[in-house]
Amino acid sequence: MADRNNVIKRISSLGIKFEFGTRSDFIGFPVRPLIIIYPRDENDIISIVKIANEYRVPIVPWGAGTSLTGAVSCNDCILIDMRSMNRILEVNTVDWYVRVQPGVILDDLNRELNKYGFLFPPDPASHYMCTVGGIIATDAGGMRAVRYGTVKDWVLALRIVLPSGDAIRVGEPLRKNRAGYDLVHLFVGSEGTLGIITETWLRIMPLSRRHLRVFIVYLDNMDMLARFVYEVRSRGIIPELMEYMDYYSIRAVNEVFNAGLKETNGGLVFIIIEDDYALELMDIASRIGEVHELMDKDANKMYDYRSRAGEAIKTMYGNFYSEDITVPVSKLVEAIGKLRSISMKYGRPMPILAHIGDGNMHPHILFKSGEENMAQKIYEEVARIAIELGGTISGEHGIGLQKKSLLHEQYIERNNVITLNLMRNIKRLIDPSNLMNPGKYVDY
């Protein structure tokens, strides 16, 4: 108790805004910190980390709490809320990068970039509330990943405060840089277990000047979904976005947002594509489902419906765990069949959202209070589909608490025990006292 009081006393003397309280992430994992503190700059973070080191108190960074894996859950940690570090420091339209602090909201970043005719392409569904630091920490993907990849493909350089309290910079704001090991991508996706991001240089691109067209394809059954994606891919058609919503997801969006979408048994595919590909896409789609082209206002609405479909599912159905498996597109038929079998086995619907163009699926495991253990069992069964089919247990949500044991399973299944141990040793080297978001990702 004495140490606890000393930590609070020391942190409160720094002159940085702080508060006490509890939180939960989007899924409901509890966050019960010793203290919540709002740093203004890198020097504040260095001071906080040094106090944490002195008293051996765990540190967890908080972006917007949109984690879907328990990645920010803690007990008696120092919760560092990064949202006061929310400045866009530089927009460079010649070298094509933006330099920002980690608390910037993704949509705010793109609104600013759009003024200059530029864009930061990654767009996780939580783009209207997630922070830049959070999407780097999880290597978020999103709806445009089918064309533009995930966040890791757009991070050029980082400033990071290490568990020791030292601040370092990794990478350079250059398209080409081969000076040293690629430490940037060691920290991208590390979920706050190796350090705290204080500044980042992100690659940006000019807004497209090509005409984009927007379509919805309604399917009679889910078996048509894999066939559709196969043919689009095999013809070399590259969508800007290719998203899937199943029947239960459409029902939720209609109920919560009054969307007026057709509730077909096979769900719908939402596609944004360059005009050059549109006729060929329509030829494929018209043989598989019912095709509707959307104009500006309706297209924007549909993008919002897909972005907020997770909210709609939560509002309509209640508690859920959101899976994040990715399978090879060539294995979609098997994956869909196995998901259907699990849903039938447990006698409950499993709303599915998917970045279907790259095989990344989000089955939602619904449960009532008291059914958490059963929900976790189903969650793990779904993850093992990916392992079995040569995919991965996480495409973009990360590992956190919920998938820590599944990460081990995937590596062991692939005879990658040495690699798993290498990751453990990296954690021990950088964070020898296990202060940074402990208990997540890999065993210490």
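The values are calculated or read from the model by the stated rules, or taken from the named source; none is laboratory data. Keep in mind that this is a model prediction, so the values were computed, not measured. Note that each Cβ is placed from the backbone with ideal geometry, even for glycine, and that neighbours are counted across all protein chains shown.
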Need a quick list: strands (runs of 3 or more DSSP E) entirely within the range 320-427 having at least 3 residues that are within 18 Å of residue 244 (Cα to Cα). 352-355, 360-366
Let me confirm something: among 237, 216, 160, which residue is of a type in the set (Val, Ile, Thr), free of Cβ contacts under 8 Å to residues at least 60 places away in the same chain and not assigned by TED's automatic domain parsing to the domain that holds residue 96? 237
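Return the residues of the range 7-23 that are of a type outside the set (A, V, I, L, M, F, W, C) and surrounded by 14 or more Cβ atoms within 10 Å (Cβ to Cβ); say none if nothing qualifies.
The answer is 10, 23.
One line per residue, one yes/no per condition, for (1) buried (at least 22 other Cβ atoms within 10 Å of the Cβ); (2) under 15 Å from residue 212 (Cβ atoms); (3) modelled with pLDDT under 95:
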residue	(1), (2), (3)
268	yes, no, no
276	no, yes, yes
293	no, yes, no
309	yes, no, no
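Can you go through 314, 301, 297, 262 and tell me which one is outside the structural domain of residue 146 (by TED's automatic domain parsing), under 21 Å from the mean Cα position of the chain (by Cα) and of a type outside the set (S, T, N, Q)?
On the way: 301 fails: under 21 Å from the mean Cα position of the chain (by Cα); 297 fails: under 21 Å from the mean Cα position of the chain (by Cα); 262 fails: under 21 Å from the mean Cα position of the chain (by Cα).
That would be 314, the only listed residue that is outside the structural domain of residue 146 (by TED's automatic domain parsing), under 21 Å from the mean Cα position of the chain (by Cα) and of a type outside the set (S, T, N, Q).
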Count, please, the residues in the range 102-136 that happen to be outside any helix (DSSP H, G or I), within 12 Å of the chain's Cα centre (by Cα) and of a type in the set (Val, Ile, Thr). 1
Residue satisfying all of: in the range 169-195; part of a loop (DSSP other than H, G, I, E, B) and among the small types (Gly, Ala, Ser); nearest to residue 122 (Cα to Cα) among these: 189
Those residues that are within 16 Å of the chain's Cα centre (by Cα) and part of a strand (DSSP E or B), I need them from the range 145-156; list them, please. 155
Within the range 54-63, identify whether any single residue is under 24 Å from residue 126 (Cβ atoms), in contact with a Ser or Thr (Cβ under 9 Å, 6 or more places away or on another chain) and among the charged types (D, E, K, R), and answer yes or no. no
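Go over the candidates 64, 140, 71 one by one and state the one that is closer than 27 Å to residue 442 by Cβ and either in the same structural domain as residue 194 (by TED's automatic domain parsing) or in contact with a His (Cβ under 6 Å, 6 or more places away or on another chain) (or both). Give the derivation first.
Numbers: 64 fails: either in the same structural domain as residue 194 (by TED's automatic domain parsing) or in contact with a His (Cβ under 6 Å, 6 or more places away or on another chain) (or both); 71 fails: either in the same structural domain as residue 194 (by TED's automatic domain parsing) or in contact with a His (Cβ under 6 Å, 6 or more places away or on another chain) (or both).
Sole residue among the options that is closer than 27 Å to residue 442 by Cβ and either in the same structural domain as residue 194 (by TED's automatic domain parsing) or in contact with a His (Cβ under 6 Å, 6 or more places away or on another chain) (or both): 140.
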So which of 98, 94 is modelled with pLDDT of 95 or more, in a loop (DSSP other than H, G, I, E, B), of a type outside the set (Phe, Trp, Tyr) and in the same structural domain as residue 176 (by TED's automatic domain parsing)? 94
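Please find, within the range 61-99, the residue that is nearest to the chain's Cα centre (by Cα) out of those that are aliphatic (A, V, I, L, M) and under 13 Å from residue 134 (Cα atoms). Walk me through it before giving the result.
At the first step, the residues of the range 61-99 found to be aliphatic (A, V, I, L, M) are 64, 68, 71-72, 78-80, 82, 85, 88-89, 91, 94, 98.
Now narrow it down to the ones that are under 13 Å from residue 134 (Cα atoms): 64, 68, 71-72, 80, 82, 85.
Numbers: 64: 12, 68: 8, 71: 11, 72: 13, 80: 20, 82: 17, 85: 20 Å.
By that ranking, first place goes to 68.
Is there a residue being assigned by TED's automatic domain parsing to the domain that holds residue 104, surrounded by 24 or more Cβ atoms within 10 Å (Cβ to Cβ), of a type outside the set (Lys, Arg) and in contact (Cβ under 8 Å) with a residue 40 or more places away in the chain anywhere in the range 171-184?
Quick first cut of the range 171-184, residues assigned by TED's automatic domain parsing to the domain that holds residue 104 only: 171-184.
Right, trim to surrounded by 24 or more Cβ atoms within 10 Å (Cβ to Cβ) and you get none.
Taking every residue of the range 171-184 in turn, none turns out to be assigned by TED's automatic domain parsing to the domain that holds residue 104, surrounded by 24 or more Cβ atoms within 10 Å (Cβ to Cβ), of a type outside the set (Lys, Arg) and in contact (Cβ under 8 Å) with a residue 40 or more places away in the chain.
Inside the range 49-72, can you point out the residues that are out of contact with any strand residue (DSSP E or B) (no Cβ under 6 Å at 6 or more places or on another chain) and not charged (D, E, K, R)? Full working, then the answer.
Residues of the range 49-72 out of contact with any strand residue (DSSP E or B) (no Cβ under 6 Å at 6 or more places or on another chain): 50-51, 53-56, 58, 65-67, 69-71.
If the condition is that a residue be out of contact with any strand residue (DSSP E or B) (no Cβ under 6 Å at 6 or more places or on another chain) and not charged (D, E, K, R), then 51, 53, 55, 58, 65, 66, 67, 69, 70, 71 are the ones that fit.
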Name the residue that is surrounded by the most Cβ atoms within 10 Å (Cβ to Cβ), counting only residues in the range 157-168 that are outside any loop (DSSP other than H, G, I, E, B) and under 24 Å from the mean Cα position of the chain (by Cα). 161
Could you tell me whether residue 260 is at positive phi and either hydroxyl-bearing (Ser, Thr, Tyr) or crowded, with 19+ Cβ neighbours inside 10 Å (or both)? no
Restricting attention to the range 7-33, report how many residues are more than 30 Å from residue 371 (Cβ to Cβ), without any contact (Cβ under 8 Å) to a residue 24 or more places away in the chain and assigned to a loop (DSSP other than H, G, I, E, B). 3
